[in-house]
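Read through the structure below, which is laid out as structure tokens, and then see the notes.
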Amino acid sequence: MVKIAPSFLAANFVVLEREIRAVEAAGADYIHLDVMDGHFVPNITFGPMVVEAIRKATALTLDVHLMISEPGKYLRAFADSGADICTIHVEVNADLHALLREIRRTGMRAGATVKPATPVEALYPLLPSLDLALVMSVEPGFGGQAFMPESLEKVRELRAEVERQGVNAEIEIDGGIGLENAGHAVAAGADVLVAGSSAFRDGKVVENLAALRRAGLTGLGQ
Ligand code: DX5
Ligand code: ZN
């Protein structure tokens, strides 16, 4: 069963509660929240205050993707804000094992991710400490970018490595996911599809998520 995680980067923040109800009605599995600091990536989004506001409005799993240079400084704040999953980038200059330990110590599920230019092997030594392993299929920073097809090979290799190690980490893919590639992503081994623009397109969240789920389940592109 494929999971769908709508990315609120594409939501209308003026009517955030309505967007939350829409993804709930659409049967979303997670709400994907993209935190950007204007340093690790060129864009700035929001921090724990907004995550906390969303937490108060929904029981859905909050999947927080930290695109920030110093995640260690903020893990406690995100845990307190009610984040369920906290994903850090392997490209940050820090002790990744220590960060992942800290994420779990605060009660969150631990995730790690690689930018398109980073080999997927960078995730392998972390897998025993991961609940979620994320493959970025666009350059992090902005929604609405074109899917990078070479990321499918990374998902395939990661799936094989997860099986080899016998670990439970879910595999998530993020960036440019739509009807044309959802099936390929699932066939390659993705458990969770993040979808920003394709989830919120034309305000038809229920229809969009149903179509994405169908496309994911057929295991084919359209
Ligand atoms: C990009 C973010 C993604 C983004 C996906 O840096 O990590 O989660 O919101 O948006 P789409 O689906 O439009 O590529
Ligand atoms: Zn993301």
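The values are calculated or read from the model by the stated rules, or taken from the named source; none is laboratory data. These figures come from a predicted structure and were not determined experimentally. Neighbour counts are summed over all protein chains in view; Cβ atoms, including those assigned to glycine, are modelled from backbone coordinates with ideal geometry. Note: areas computed on protein heavy atoms with side chains; ligands, DNA, RNA excluded. Shrake-Rupley method; radii C 1.70, N 1.55, O 1.52, S 1.80 Å.
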message: So for the chain, if I pair up every lysine 8 or more residues apart or on another chain, how many of those pairs have alpha-carbons under 26 Å apart?
response: 8
- prompt: Which whole-angstrom value gives the distance between the alpha carbon centres of segment 19-38 and segment 118-149?
  reply: 19
message: So, taking all protein chains as they sit and a 1.4 Å probe, how much accessible area belongs to Val194, in Å² rounded to tens?
response: 0
message: Give me the Å³ per residue figure for the convex hull around the C-alpha atoms of segment 43-121.
response: 100
- prompt: In units of 2.2 N^0.38 Å, what is the alpha-carbon radius of gyration of segment 102-222?
  reply: 1.05
query: Rounded to the nearest 5, what is the percent of antiparallel bridges among the DSSP beta bridges in the chain?
result: 5
field: Mean Cα-pair separation over length for the chain, i.e. relative contact order, pairs under 8 Å, 6 or more apart, %
entry: 21
field: Distribution of pairwise C-alpha distances over the chain, 10 Å bins, in %
entry: 9, 37, 39, 14, 0
message: Can you compute 3J(HN,Hα) from phi for each residue in segment 2-11, using the Karplus curve 6.51 cos²θ - 1.76 cosθ + 1.60 with θ = phi - 60°, rounded to whole Hz and x for Gly and Pro?
response: 7, 9, 10, 10, x, 8, 6, 4, 9, 7
- line: Burial-style ranking of 8-14, 66-72, average other-beta-carbon count within 10 Å with highest first, yields 66-72, 8-14
- prompt: Charges only on Cβ, +1 for Lys and Arg, -1 for Asp and Glu: so what's the dipole of the chain about the Cα centre, in debye to the nearest 20?
  reply: 380
task: Could you pull out every residue, at least 5 positions away or on a different chain, whose amide H is within less than 5 Å of the one on Ser7? Hs are placed 1.01 Å off N in the peptide plane, and Pro or chain starts have none.
output: His32, Ala195, Gly196
- request: Would you be so kind as to identify which of Leu96, Met67, Val51 lies farthest towards the positive end of the dipole of segment 25-141, taking Lys and Arg as +1 and Asp and Glu as -1 on Cβ and the Cα centre as origin?
  value: Val51
